[in-house]
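Down below is the structure, laid out as structure tokens.
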Amino acid sequence: MVKNIWIVLFVTLIVSCTHKTEFRENVTDFLVPKPIALTQQKGYFNIDKNTKIVTSENLVNEASYLQNLLGESSNFKLVIVNKKEASQQKNVILLKENPELIKEFNSKESYTIISSKFKIEIVGGSSEGVMRGIQTLRQLFIDDFHKKDKRNAWQLPLVTIKDAPKFEHRGLLFDSGRHFFEVSTIKKYIDLLALYKMNVFHWHLTEDQGWRIAIDKYPKLTEIGAYRIQKDGSIYGGFYSKKQIKEVVKYASERYITVIPEIELPGHSQAALAAYPELSCTGNSINVANEWGVFKDIYCAGNEQTFTFLEDVLTEVMELFPSKYIHIGGDEAPKLRWESCEKCQQRIKDEHLADEHELQSYFIQRIEKFLHKNNRLLIGWDEILEGGLSPTAIVQSWRGEKGGIIAANNNQFAIMSPTSHCYFDYGIETTDLEKVYNFDPIPKDLPKDKYQYIKGSECNLWSEHIPTEANLDSKVFPRIFAMSEVLWTYPKERNFNEFYERIQHQYGILDAKNIAYGLELIPVEFKSELNNDKVEIQVIPKNHNFKTKYRWNCADCDTVFKETPVIISLDKTAILEIETYKNNKKYGANLLQEFKFHKAINSSVKQANSYNSVYQASGEKGLVDGKIGSKRIRDGNWQGFLGVDIDCVIDLGKEIEVTEIGANFLHKQLSWILTPKEVVFQTSIDGENWKNWDTIQSEVDPKSEETILETFSKIKASQKVRFVKLYAKNLDELPEWHKFYKGKAWLFIDEIFVK
């Protein structure tokens, strides 16, 4: 009798483990992007070896995709049954199309999911909509669906979902030009894009630093142009064969991801010119670029051979990529070589063009006409507006929103990718998860009747400083969650806290896929003010999940970390070190922020010229917050002024004794940032009558390629001062020796200090 009891218990244990009931009990907490409409009922649908996938012949791709997806995590493989032959009405996953959904949602990507205890129906406005529904289904499984451990059964919650995207263009720009990534990495990202309902893989394939696509007619493009000699003498590079590209395009098309190739012209073409120097204005032999930046050598616009070459290249590109769009770049093309090139000047004369800007417009429009003959449309960066907008080109607006607004107002389509929100190669100091979530692809200044011309947006991932796959992962995730939600759901009322809590459930999926995701936010922000000759610093956690400790780093500071109080007092210059924990786990590296103790902290600042929105430090009082910048231009402490002077007045609030006035500037000429030639300091008692404190010359060699912090300061005998004026002259245009000659120069300043 006892033996029989043990047998029953053992069998019961096996059955309970085999048929473990576990499913999402609150679906709304898990889905990214959030569906338009979702309701959940009690109970679940059980998927086991007896479940069938029922579909029609035109959805075999989608059915096979779902079959393989489930097979990867299950001890069984579902059978696909043609709808006409299906006798089984229960325990089925039904895939079908209903074109009426397209009419209802104005999108072929629309879909519905209706599940009961007996079946799941995924209905798409088209096959593309069915695939989007399958991606939602993926997120309905518990996290270990994505792990290697296989199950005998799965339980899915009972839901009714109606969903469709707001924007038709939802993309990721992937730069293989600066750093080369293997096909396996490309496929990994295409699959992740599909999971989060992005639908465009913008593949940047040619650059100054490398040509990455095989072109049969011009073999030197990959023999020479695909490889660069690094500064340490090593060889770096690689390219994709036509077979590999076809493999990628097929893999993407199965997931309804459009692969848009980008072939840069007329600039960013040094790798091509290294292979075929006769296509340049000088004809001189040059190397594939081995540093970042913008280079003077571009395709010669006066040479007919250039257009023959580009048409040949684009012909082979179009044979590989079925996308109706071809991206041609068109950005950052210095005109220096064209200005002194006899062929280019003759072209300007023959075509009755006004200048080199119109010559670029001629160049772009000529390429566009060729693409039109082949039933393709041109996309270009917003520089293609210079010299006149090509009549049917699509503008990708990156230098703010202006380019997109101009295009839309001209009844032309635009893709919004402003650096302020969409550049994922920037660190989270500049563009964090919350900033991306609050991005609106439709500019506020655009009239409502022009909204229809905003196709969507892309997150841009330039790879200059992304040499490895781990770097890549940390830049894309988790920020792409926010971009996905913005472009698919486009929530009218943004609730970042709700979104933040929802994406926490996505990390299990990323962990299972070994995605080396990065941080969501800089964990704290600082507010500082001067009070009774001490600087009071408020350390504000960006999220309630963050807990912090702190210590000061200086010669005579206590080295022990302490719980962070509401206010930290500072009476000398020192580095504040913050250690952060999220859910009792260390959250990223310790945050180091230098604070300079001085008398102007939190004073009123008036600027004659505006700082750039991308580099605004802490905003209006960014120059008097005590925070000192590092050599990282995007550390959040630098105010950047593009092509304009810095002319500002600080009101100390009352007359005080002053012995020193100074300011810190950054030099990084490869990023077009130069220190001012001189800085003028003036002081006043009443804000009207000024006297010179000092004029200080820069000691930095403007041609230096080093990153240099330069302090301009002067100590004098004590004087009574209330107002301090600083004037720093910008070069406006970069000098002739610079690689981006005639481009606008930056001034970077982090703090104006008064002692």
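The values are calculated or read from the model by the stated rules, or taken from the named source; none is laboratory data. Predicted model only: the values in this text are computed from it and were never measured. Cβ placement follows ideal geometry from the backbone for every residue including glycine, while neighbour counts extend to all protein chains displayed. Note: accessible area is taken over every heavy atom of the protein model, side chains too, but ligands, DNA and RNA are not part of it. Shrake-Rupley method; radii C 1.70, N 1.55, O 1.52, S 1.80 Å.
Cross-link pairs exceeding 22 Å between alpha carbons, from the set Lys52/Lys246; Lys373/Lys402; Lys691/Lys755: Lys52/Lys246; Lys373/Lys402. When the chain is described by a simple charge dipole with +1 on each Lys and Arg Cβ and -1 on each Asp and Glu Cβ, the residue from Val679, Thr548, Ile263 located farthest towards its positive end is Thr548. Annotation: Thr573 carries an accessible surface of approximately 60 Å², with a 1.4 Å probe and no ligand, DNA or RNA atoms counted. Model label sites at Lys369 and Lys729, defined 7 Å from Cα along the beta-carbon direction, differ in position by 4.6 nm. About the centre of its Cα atoms, the chain shows a dipole size close to 2840 debye [charges on the beta carbon of Lys, Arg (+1) and Asp, Glu (-1) only; nearest 20 debye]. For Lys654, put the label point 7 Å out on the Cα→Cβ axis and report which residues of segment 600-616 keep their amide N under 16 Å from it. Hits in segment 600-616 for Lys654 at 16 Å: 600-604.
Each principal axis of the Cα cloud of segment 605-649 was evaluated for its coordinate range; sorted largest first, these ranges are 25, 22, 14 Å. Phi-derived couplings, Karplus 6.51 cos²θ - 1.76 cosθ + 1.60 at θ = phi - 60°, listed residue by residue for segment 302-313: x, 9, 4, 4, 4, 6, 4, 4, 5, 5, 5, 4 Hz, with x used for Gly and Pro. Could you tell me whether segment 91-198 comes out rounded, prolate or oblate from its Cα gyration tensor? Rule is a ≥ b ≥ c as square roots of the eigenvalues, rounded for a/c under 1.5, then prolate if a/b exceeds b/c, otherwise oblate. Oblate shape, in that a/c is at least 1.5 and b/c is the bigger or equal ratio.
Overall, the ratio between the Cα radius of gyration of the chain and 2.2 N^0.38 Å, rounded to two decimals, is 1.08.
At a probe radius of 1.4 angstrom, the accessible area of the chain per residue rounds to 43 square angstrom. Taking packing as the residue-averaged number of other Cβ atoms within 10 angstrom, the listed peptides 366-377, 249-260, 623-634, 474-485 run from highest to lowest as 474-485, 623-634, 249-260, 366-377. Take the Cα radius of gyration of segment 575-698 and divide it by 2.2 N^0.38 Å, N being the number of residues; the result is 1.23. First obtain the Kirkwood hydrodynamic radius of segment 547-639 from its Cα pairs, then insert it into the Stokes-Einstein equation at 37 °C and 0.692 mPa s, and state the resulting D in µm² per second as a whole number. The calculation lands on 220 µm²/s.
In this structure, Lys527 and Asp445 have a Cβ-Cβ separation that, at R0 = 51 Å, corresponds to a calculated FRET efficiency of about 0.95.
The long axis of helix 183-195 is offset from the longest Cα principal axis of the chain by roughly 80 degrees.
Could you tell me which of rounded, prolate or oblate describes segment 362-404, using a ≥ b ≥ c as the square roots of the eigenvalues of the alpha-carbon gyration tensor, with rounded for a/c under 1.5 and, failing that, prolate when a/b is larger than b/c and oblate otherwise? The shape class here is prolate. Based on the convex hull around the alpha carbon atoms, segment 285-344 presents an average projected area of 5.5 nm². For the chain, the relative contact order works out to 9 percent when only alpha carbon pairs closer than 8 Å and six or more residues apart are counted.
Seen against the Cα atoms of the chain and their longest principal axis, helix 479-488 is set at about 70 degrees.
When segment 713-754 is described by a simple charge dipole with +1 on each Lys and Arg Cβ and -1 on each Asp and Glu Cβ, the residue from Asn730, Val754, Gln719 located farthest towards its positive end is Gln719. Here the Karplus curve 6.51 cos²θ - 1.76 cosθ + 1.60, taken at θ = phi - 60°, turns the phi angles of segment 263-272 into couplings of 10, 5, 6, x, x, 6, 10, 5, 4, 5 Hz, with x standing for Gly and Pro.
For the pair Lys83 and Glu247, the difference between a 0.36 nm per residue extended length and the Cα-Cα distance amounts to 56.0 nm.
When you count the other C-beta atoms within 10 angstrom of each residue and take the mean per peptide, 583-590, 711-718 line up highest first as 711-718, 583-590. Under 5 Å from the amide H of Asp163 lie the amide H atoms of Tyr111, each residue being 5 or more positions distant or on a separate chain, with H modelled from the backbone and absent for Pro and chain starts. For the pair Asp216 and Lys117, the difference between a 0.36 nm per residue extended length and the Cα-Cα distance amounts to 30.0 nm. Amide H contacts of Asn460 (H built 1.01 Å from N, in plane; Pro and chain starts excluded): Leu173, Tyr423, Phe424 sit under 5 Å, all sequence-distant by 5 or more or on other chains.
Considering the options Asn411, Leu389, Leu378, tell which one lies farthest towards the positive end of the dipole of segment 378-537, charges being +1 on Lys and Arg and -1 on Asp and Glu at the Cβ, about the Cα centre. In segment 378-537, that residue is Asn411. With viscosity 1.002 mPa s and temperature 20 °C, the Kirkwood radius over alpha carbon pairs of segment 267-403 converts through Stokes-Einstein to a diffusion coefficient of 139 µm²/s.
The convex hull built on the alpha-carbon positions of segment 658-736 has an orientation-averaged projected area of 5.8 nm².
For the peptides 403-412, 282-291, 125-134, the ranking by mean Cβ contacts within 10 Å, running from highest to lowest, is 125-134, 403-412, 282-291.
With all protein chains in place and ligands, DNA and RNA left out, the 1.4 Å accessible area ranks Asp29, Asp149 as Asp149, Asp29, largest first. Only lysine pairs 8 or more places apart or on separate chains count here, and in segment 467-545 those with Cα atoms under 26 Å apart total 5. Checking the Cα-Cα distances for Lys77/Lys103; Lys34/Lys103; Lys108/Lys369 against a 27 Å cut-off, the pairs over it are Lys77/Lys103; Lys108/Lys369. Within the chain, what whole-number % of the accessible surface is contributed by carbon and sulfur, with the 1.4 Å probe and all protein chains included in the calculation? Whole-percent figure for carbon plus sulfur exposure: 49. Against the main long axis of the alpha-carbon atoms of the chain, helix 2-18 sits at an angle near 50°. Magnitude of the charge dipole for segment 158-316, about its Cα centre and with charges confined to Cβ atoms of Lys, Arg (+1) and Asp, Glu (-1), is about 680 debye.
When all protein chains stay in place and ligands, DNA and RNA are ignored, the 1.4 Å accessible-area order of Leu642, Leu709, largest first, is Leu709, Leu642.
In segment 143-239, the convex hull through the Cα atoms has an average projected area of 11.1 nm², a quarter of its surface area.
In nm, to one decimal, how far is the Ile235 label point from the Glu710 one, both placed 7 Å along Cα→Cβ? Once both label points are built, they end up 4.1 nm from each other. So what does log10 I(q)/I(0) come out to for segment 418-553 at q = 0.11, 0.15, 0.21 Å⁻¹, using the Debye formula with one equal point on every Cα and no solvent? Reported log10 I(q)/I(0), two decimals: -0.52, -0.87, -1.32.
Dipole magnitude for segment 115-207: computed about the Cα centre from +1 point charges on Lys and Arg Cβ and -1 point charges on Asp and Glu Cβ, it is near 380 debye.
Here, P(r) means the percent of Cα pairs in each 10 Å bin from 0 to the largest distance; for segment 317-380 it is 20, 43, 27, 10. For segment 501-558, the list of chymotrypsin sites (Phe, Trp or Tyr not before Pro) that fall in a loop by DSSP and count at most 10 other C-beta atoms within 10 angstrom is empty. With a ≥ b ≥ c the root eigenvalues of the C-alpha gyration tensor of segment 76-148, is it rounded (a/c under 1.5), prolate (a/b larger than b/c) or oblate? Verdict is oblate for segment 76-148.
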